[in-house]
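In what follows, a structure is listed as structure tokens, so that the remarks can point back to it.
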Amino acid sequence: MKVSVKDLSVSMEIKNKGVELDVYDNSDNHLGDLIVTKTGLNWCKGKTTPAKGKKIKWEDFIAQMER
């Protein structure tokens, strides 16, 4: 996997708009974008817009990861 930050600022607090990560497979095919916000995560598969992405709140994400 290759994951890169679209816009990087050093030592920044994540605000409402969040930070968007590009996600590629090992063949350099774009899989989607992961948007990390202060309220949770939003996975945008392929060229899906953030409005149509799959969202999960931090509390739900943490609970799922700790199962």
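One table, with the values for the structure above:
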| read-out | value |
| --- | --- |
| Hits in segment 14-33 - residues which are among the aliphatic types (A, V, I, L, M) and at pLDDT below 95 | 14, 19, 21, 23 |
| Residue list for segment 36-67, filter: small (Gly, Ala, Ser) and either at pLDDT 95 or above or in a loop (DSSP other than H, G, I, E, B) (or both) | 46, 53, 63 |
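The values are calculated or read from the model by the stated rules, or taken from the named source; none is laboratory data. Since the structure is predicted, the reported quantities are computational estimates derived from the model, not experimental observations.
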